[in-house]
Every structure is written in structure tokens, then in C-alpha cells.
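Scroll down for the structure; my scribbles are underneath it.
The values are calculated or read from the model by the stated rules, or taken from the named source; none is laboratory data. The shown structure was predicted, so the numbers you read here are calculated from the model rather than taken from an experiment. Cβ coordinates were reconstructed from backbone atoms using ideal geometry, including for glycine residues, and neighbour counts include every protein chain displayed.
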């Protein structure tokens, strides 16, 4: 009994430092952000005065009424949707190619995974050069220049400076989505590859003997068995995309007329460029809630799965 | 009618490993054929070639008189039961069993009828809604067998299906599979490294070692008439005793002779051993054909050896005596009433009518 007690006390002492640090730098600051979001601290002078005045949901009301924030929400929705579809689709495709054991698959595996090692800021900068439209058709840059050399002037486009849209979907986001998919699809490929390798060969052989062709095996055997991976991938990508800041900030910023603006950029600019701390905090809290909506059910189900097994 | 014929079949892997060498044998219709051998002997590879899961490097494979070397597994009309069952984890037991039938576009009613019928035979009707992970090992095994049964294939292929079960369940499933074989009138090819499974279930046993077939025969044949030293030592527990000895001419005929060992060879074997006189041979005798002289009631002459007991292992129904005999070593399975204990001398009677002699060079059986 006392051995047990000693053990658990020891365990507690060992995790105590990180508990304290997380307590201060994560949970206390979350609390502080929420507190700020209900205050009137929307100018530098009000902050200096240091008097906390509770204003209820006024900051939230102002944010939700703000057309720029409404654009941000639409942008986030479309960015998340196509970013997840693109990364999962491409990742799954690459994982299957490599799992088939094509020549040099180990090399390609590392090649595809490599963008993962690069910071979003670097990715954003590089792709901003690639997608820089220049003065086309006659004096294009980046990709547009390549199109000119290949005689494909028809494909030249404004990319992230485009102000076209389909409904609420700003087409300028396409360039950002491509860059983000380029960065994350290798990681998703690695996840799927691990999942594919974990499927016992016998199950696939059993299906072959049972009469299934490879396409049927993919959709009816492999995909259902990869469902937990797909879910994890969507969670990982989802929380990246809801919080996306650095890639877009380095690549285009808000773009003309906020075509590539997202909540994180608006939050950053409100807080650190306009000193509207309370409104910035309100955006932060909204983002936190959006991420929580997808993360908490996932944590809940994976914790429960951990307990039951 | 589903006869499987292997003609001079070879399997050579791309890395040069020669897994199966010139295998030729026939599995008759409705026969229970067991491929038996130690791990790595090529028996599973042979089975997988019959299934079409492994390419045949050389030779011809015929099912029902039709060459199927280049036929896809799904078109060979075979069912394969895997060692680790290979159930589809995301499907219910029902769907696992129905999978192959759905793919073959059977009408719904027939699928339902076949699955339920198989489930009844295998006593898993109450499990049809469960997922594999909710089943015990034995139940999964039954589902795997059920998945094969519903297809009503020409040939059933089993790859060590009982090796993941515990000992008690294994014995039970063994007799159930045997019953099932009679009930379904099926042609079965069954791979195992367990000679007890082979002996109890097989109509025909194919014994392999290092990719080469050692002997093909009934359980009776491989036990009583092993073709070589490997088969003799592989079949039977504890394995046959092998003693290095000489054949010598003595009073009244031929004798087996070694240090502390001088026993007379029965008349009927003498002719075959003429050419081995004064030559080194390997003398083989099974532990169950050795008796403790002090409690033996039958008649006997010139067949007694004396040795020192190293270990005595009482098993209840019999006692195993590990005996040293002039630097060589012998195991005797004797009546449990024996008084022999560790360290004592014991006189043993060898039932010479059951003896075996192997050529020392080729290890082929002479007797």
C-alpha cells in the first residue's frame, strides 16, 4: 500500500514542473484572454489606465457585425474544406503509390515528407514568389513566366491577388490552398502509409481469394480500416487550418480587399497594430471555441477507446 | 470431382531462395491431405502456390484436370483458411462469411441461407452480429472456416489453422475439422508442423524438409514404414531412438552390435542386411517398443540391453526413461509400474520386430 502511495507521489512530483508551466502559460493566459475579451481595453490609453471595465458581449457583437470578420469566416470555411480534401486526397494517393512498392519508394517517401520539415513562413515566402503574377501577359513572373515560356498564356492568372469569387469563395485562396496542401500532404501520406503497412497482408489475400479485385479491396477493405487515420488526419489538418496564420501572413497577408484574410491575421492586426486588445481577444476566444469543437469530441473518443482497450 | 495434381513444381524466390524443389503429388477428390514438416520446409509455400497467392516458378498445377498456373486465386474456386484467421475486422461475422458470395453476385436469399447453414454447422449462429474482435480465438477460427464453407469451393486450403489455439481447444477443433471433412465430402489440403494433427486427421501425409518431399503416404505408412531417418525421427513422440551400430555375423545369424548393445536381428530382416555386414549403420527403435525387463510378461530372447537411467519422467499413463548406453542415448516409454529411478541400472527389452535400420551415408531406410 505504502509502496503504491510513494509511487504515485513520485509521479506527481515528476509532472509538477510541467503542470505549473502549463498552468501559467496555457490555462492562465486563456483565462486572461477571455477576461480581456469582455473588457473595454480597446485603446492603448485604456490599457495604461489599467482599470478593468466589464462590457459584456459588446466586443463579440462588434466582431460578428464586422464585414471583414465575416469574410474571414467564409475564407476559413473554404480554406479548411479544400485544404483537408486536397491534403487527404493527395496524401492517400501518394501513400498508395508508395505502398505498392514502386522503385525508389523509400526515396520518394522522404521527398514527399520533406516539406513538413519547413516552416510555414518559408513555404509562404517561396510560394509567394511562385505565384507572384507580375505584369502579364508581357512581363510575367513565377508560374506565369513559365506558362509564357511553354506557350500557355491562357493559364496566366492573378493568383493570390485575384479578386474573383464564386459565391463566398474567394478564388485568391486557391494559391494559398495549393501551398498549404504542398506542405501538409506529405505528412498525411506518412500517416496513411503507416496505416496501410499495419493492415495484415493475409486480410488482403483473403479478399483476393474471396474474389475481390484491387479496386474493391481498396474501397471495401483498406478504406474502412484506415478510417481512424482519416479521422486523425482531418483533426490535425482541421486545427492547423482554423488557426492558420504564418503561411498566409508570409505569402499574401490579407490580400486586396481581404480576399485571403483569416481570423488569426485579423486578430493579430487588431491586437498588435491597432491596440484593440479586447476585440483581438474576442477573436482569439472564437478561434479557441472553433478548434475545441473539433478537438474535444476527438479527445473524448480516443480517451474512451484507450480506457476500453 | 476435385483432384489437385502437382507436377514437378519448383518455387524459387527472386532472392534465389529455392523454397520448393521438384514437388510432385496428387490430392485425390475428397481426400484430406496434410503437408507436414518443420518450419521453413516449404509446405506453406506449396499451399500458397495451390491457392495462387504465390507464383509457380516451374512445373504444372492442375485442379480438376485443368492447368491453373496462371489463373487468379479468385478464379481457382478454392477457399483458404489462414493461420491468423484474416477476418475482416470492420465487418460482422455475417458479413465476413457473406463477403465472397456477395462478390460472386449470389442472390440475397441464397447468401442468407448459406451463411446461416454454415453458422449452424459451426455452432456460431448466435455470433453473426458480432465483430471479430469481440470473439475468442476458437470462435474466430470457426468464422474463418465458415467463410470457406459458404463458398462451397472445389478445394479447401488450411494453413496451420489450429496453431494459434490453446492446447485443449486444438484437440477439440481437430476432431471437429475431421467431422466436417466427412460431412462436407470436401477435398482438403492442410498444412501443419504438428505431427499429431497430421496423424489424426490425414488420409494422406506429405512430409517435406528443406523444400524436398521426403515421403508421401498414409499415417500408417509414415509411422511404420518411414522412408528415411528424417521421417522416422519426425513422426512419433518422443522421437525414434537412433543408435550408431554395426551389423555383425554371430551365432545363429546377424546381430546389431555397439558398445553395451548386442541384440539379434530377426530372421526376416537378414536378407536385406546381408550387404551391410561389418558396416556402420544407424539402428532405429521407437521408445514405445522398448520395455522394462523386470515387469515385462511376454516372451523374448537375445534382445536385452543394460543401461544407466539418467532421468525418469513419469507421465501417469507411462514413464519415460532416458538411458545411457555405452556413450549413446536412448529413450524408453515403459509401463508406469517400473521401479527404475535416476541413477539405477535398468535392463530393457527391445522389440526387434519393430526395428529400423538406416544407411549411414544416405540415411535411407534399409528396413
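Quick one: which residue in A:106, A:68 is over 30 Å from residue A:228 (Cβ atoms) and assigned to a helix (DSSP H, G or I)?
On the way: A:106 fails: over 30 Å from residue A:228 (Cβ atoms).
Matching residue, one of A:106, A:68: A:68.
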ask   = What number goes with the only condition from (1) in the same structural domain as residue B:30 (by TED's automatic domain parsing); (2) surrounded by 18 or more Cβ atoms within 10 Å (Cβ to Cβ); (3) over 26 Å from residue B:78 (Cα atoms) that residue B:287 does not pass?
value = (1)
key: Sole exception among (1) within 18 Å of residue A:280 (Cβ to Cβ); (2) free of Cβ contacts under 8 Å to residues at least 60 places away in the same chain; (3) in a helix (DSSP H, G or I) for residue A:59, by number   = (2)
task = Scan the stretch B:299-328 for residues that are under 25 Å from residue B:250 (Cα atoms) and free of Cβ contacts under 8 Å to residues at least 12 places away in the same chain and report the count.
result = 1
task = Could you grab the pairs with beta carbons closer than 8 Å, sequence gap of 6+ or different chains, first residue in the stretch B:189-203 and outside the structural domain of residue B:219 (by TED's automatic domain parsing), second one part of a helix (DSSP H, G or I) and surrounded by fewer than 21 Cβ atoms within 10 Å (Cβ to Cβ)?
result = none
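Given the options B:149, B:121, name the one that is within 19 Å of residue B:82 (Cβ to Cβ) and either over 22 Å from the mean Cα position of the chain (by Cα) or assigned by TED's automatic domain parsing to the domain that holds residue B:86 (or both). Working first, answer last.
Values: B:121 fails: within 19 Å of residue B:82 (Cβ to Cβ).
Result of the check over B:149, B:121: B:149.
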remark   = Note on the stretch B:55-92: residues more than 8 Å from every other protein chain (Cβ to nearest Cβ), touching a helix residue (DSSP H, G or I) at 6+ places or on another chain (Cβ under 7 Å) and not in a loop (DSSP other than H, G, I, E, B) are B:61, B:81
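Among what's in the stretch A:219-233 and is out of contact with any helix residue (DSSP H, G or I) (no Cβ under 6 Å at 6 or more places or on another chain) and surrounded by 15 or more Cβ atoms within 10 Å (Cβ to Cβ), pick the residue that is nearest to the other protein chains (Cβ to nearest Cβ).
From the stretch A:219-233, those out of contact with any helix residue (DSSP H, G or I) (no Cβ under 6 Å at 6 or more places or on another chain) are A:219-220, A:222-225, A:227-228, A:230-232; that's our starting set.
Among the residues that remain, those that are also surrounded by 15 or more Cβ atoms within 10 Å (Cβ to Cβ) are: A:220, A:222, A:225, A:230, A:232.
Values: A:220: 8, A:222: 10, A:225: 6, A:230: 13, A:232: 17 Å.
Of everything passing the filter in the stretch A:219-233, A:225 is nearest to the other protein chains (Cβ to nearest Cβ).
Looking at B:157, B:177, B:162, B:169, which is the one that is in contact with a helix residue (DSSP H, G or I) (Cβ under 6 Å, 6 or more places away or on another chain), part of a helix (DSSP H, G or I) and either modelled with pLDDT under 95 or within 13 Å of chain A (Cβ to nearest Cβ) (or both)? Let's see the steps before the verdict.
Values: B:157 fails: part of a helix (DSSP H, G or I); B:177 fails: in contact with a helix residue (DSSP H, G or I) (Cβ under 6 Å, 6 or more places away or on another chain); B:162 fails: part of a helix (DSSP H, G or I).
After ruling out the rest, the residue left standing is B:169.
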inquiry  = It is to be established whether one or more residues within the stretch A:293-309 are away from chain B (no Cβ under 14 Å), closer than 30 Å to residue A:159 by Cα, assigned to a helix (DSSP H, G or I) and touching a helix residue (DSSP H, G or I) at 6+ places or on another chain (Cβ under 6 Å).
reply    = no
query = Can you list the helices (runs of 4 or more DSSP H) found entirely within the stretch A:199-269 that contain at least 2 residues being more than 22 Å from residue A:161 (Cα to Cα)?
reply = A:201-210, A:214-217, A:227-242
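Got at least one residue in the stretch B:93-109 being on the phi > 0 side of the Ramachandran plot, outside any helix (DSSP H, G or I) and away from every other protein chain (no Cβ under 12 Å)? Talk me through it step by step, then tell me what you get.
So the first thing to find is which residues in the stretch B:93-109 are on the phi > 0 side of the Ramachandran plot, and the list is B:105.
Those left that are additionally outside any helix (DSSP H, G or I): B:105.
Adding the requirement that they be away from every other protein chain (no Cβ under 12 Å) leaves none.
No: zero hits.
Looking at residue A:175, is it within 14 Å of chain B (Cβ to nearest Cβ), at pLDDT 90 or above, surrounded by 22 or more Cβ atoms within 10 Å (Cβ to Cβ) and part of a helix (DSSP H, G or I)? Lay out the reasoning, then the answer.
On the way: within 14 Å of chain B (Cβ to nearest Cβ): no; at pLDDT 90 or above: yes; surrounded by 22 or more Cβ atoms within 10 Å (Cβ to Cβ): yes; part of a helix (DSSP H, G or I): yes.
When the stated conditions are applied, residue A:175 does not pass them.
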query = Of the residues that make up the stretch B:246-260, is at least one out of contact with any strand residue (DSSP E or B) (no Cβ under 7 Å at 6 or more places or on another chain) and in contact (Cβ under 8 Å) with a residue 60 or more places away in the chain?
reply = yes
ask   = Any idea which residue in the stretch A:146-172 is farthest from the chain's Cα centre (by Cα), counting only those that are surrounded by 18 or more Cβ atoms within 10 Å (Cβ to Cβ) and in a helix (DSSP H, G or I)?
value = A:148
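For every residue, the table says whether it meets (1) in contact (Cβ under 8 Å) with a residue 60 or more places away in the chain; (2) more than 30 Å from residue B:26 (Cβ to Cβ); (3) surrounded by 15 or more Cβ atoms within 10 Å (Cβ to Cβ).
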{"residue": "B:52", "(1), (2), (3)": "no, no, yes"}
{"residue": "B:61", "(1), (2), (3)": "no, no, yes"}
{"residue": "B:65", "(1), (2), (3)": "yes, no, no"}
{"residue": "B:73", "(1), (2), (3)": "no, no, yes"}
{"residue": "B:81", "(1), (2), (3)": "yes, no, yes"}
{"residue": "B:98", "(1), (2), (3)": "no, yes, yes"}
{"residue": "B:111", "(1), (2), (3)": "no, yes, yes"}
query = So which residues in the stretch B:332-367 are under 25 Å from residue B:215 (Cα atoms) and part of a strand (DSSP E or B), if there are any at all?
reply = B:356, B:357, B:358, B:359, B:364, B:365
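Grab the strands (runs of 3 or more DSSP E) fully contained in the stretch B:215-314, keeping just those with 1 or more residues being within 21 Å of the chain's Cα centre (by Cα).
Working: elements: B:241-250, B:253-258, B:261-264, B:280-285, B:290-292, B:304-314.
By residue number, B:241-250, B:280-285.
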request  = Could you tell me whether the stretch A:195-216 includes any residue that is touching a helix residue (DSSP H, G or I) at 6+ places or on another chain (Cβ under 8 Å), farther than 30 Å from residue B:157 by Cα, more than 14 Å from chain B (Cβ to nearest Cβ) and at pLDDT 90 or above?
outcome  = no
